Structure formats: C-alpha cells, structure tokens
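Asker: Here it is: the structure, laid out below.
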Amino acid sequence: MASSKEYSEFVLERCSGLSARAMMGEYVLYYRGKVIGGIYDNRLLVKSIPAAIALMPEAQRELPYEGAKEMLLVEDVEDRDFLRKLFEEMYEELPKPKKKK
C-alpha cells in the first residue's frame, strides 16, 4: 500500500526544515538536507541510529519494505516539539550528503 499525499503533507507540517521526495509511492524524508527516514505505508519511520534509539528506546522496529534495514516507528507524529528534538539530535549524527558529480 502506498502512502497518501495527505499524510506526507501532515508530517511535513510538523517541523520546519523537513522535506520529502516521492519515490515509488512512498516518501524519503530529509531534514536540512540529510536523509532521516521516510513515510512508508502511512507510517513515519526514522533511521535506527543511536540518537533516535536514545530518544525512543521502546520504539517498534519495522521494515519500510522487504529487504530494507529496520527503522524506528515514530508513533506520536502530533508532538511537534518531540519531532524537532528528534530530528535535531539525529541531524548531528548523520553523515553529510554526498556531493553530486
């Protein structure tokens, strides 16, 4: 099942600096230019990195699609302050985007 545009817009409204790129019916999420996760089957999933695990130690680990690495499910997408804190802390830990050739 593909994610709805309405759900992706709802998530994008939660936090400034967040953007999405549609990809095969789903959305890859970027925070200030770095990939932080995505929207898969109308679920907000973020990369399973230490900063995210520290803020969501009880989060369910889910697969965005078959063959992918496990990601963390963000259940409370309504909480803007939590999302901003999560994305800020993840941002520091993620690698810089690769430069295009």
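The values are calculated or read from the model by the stated rules, or taken from the named source; none is laboratory data. Small disclaimer: the values here were computed from a predicted structure and weren't measured. All Cβ positions, even for glycine, are placed from backbone atoms using ideal geometry, and neighbour counts span all protein chains on display.
Asker: Pull up the range 57-71, narrow it to residues that are under 13 Å from the mean Cα position of the chain (by Cα) and crowded, with 16+ Cβ neighbours inside 10 Å, then point me to the one that is nearest to Met90 (Cα to Cα).
Answerer: Among residues in the range 57-71 that are under 13 Å from the mean Cα position of the chain (by Cα) and crowded, with 16+ Cβ neighbours inside 10 Å, the one nearest to Met90 (Cα to Cα) is Met71.
Asker: Here is a further query. For the subset of the range 46-55 comprising residues that are of a type outside the set (A, V, I, L, M, F, W, C) and not in a strand (DSSP E or B), which member is surrounded by the most Cβ atoms within 10 Å (Cβ to Cβ)?
Answerer: By that ranking, first place goes to Ser48.
Asker: A follow-up question, please. Search the range 6-45 for residues being in a loop (DSSP other than H, G, I, E, B) and out of contact with any Lys or Arg (no Cβ under 7 Å at 6 or more places or on another chain), and hand back the single one that is surrounded by the fewest Cβ atoms within 10 Å (Cβ to Cβ).
Answerer: Filtering first and then ranking leaves Met24.
Asker: Continuing with this model, one more query. Filter the range 56-101 down to the residues that are assigned to a loop (DSSP other than H, G, I, E, B) and touching a Phe, Trp or Tyr at 6+ places or on another chain (Cβ under 7 Å) and list them by number.
Answerer: Pro64, Tyr65, Asp76
Asker: For the range 79-101, how many residues meet the condition of being exposed (fewer than 10 other Cβ atoms within 10 Å of the Cβ) and touching a residue at least 24 places away in the same chain (Cβ under 8 Å)?
Answerer: Residues in the range 79-101 being exposed (fewer than 10 other Cβ atoms within 10 Å of the Cβ) and touching a residue at least 24 places away in the same chain (Cβ under 8 Å): 3 in total.
Asker: Being at pLDDT 95 or above, under 15 Å from Asp41 (Cβ atoms) and under 13 Å from the mean Cα position of the chain (by Cα): is that true of Leu86 here?
Answerer: no
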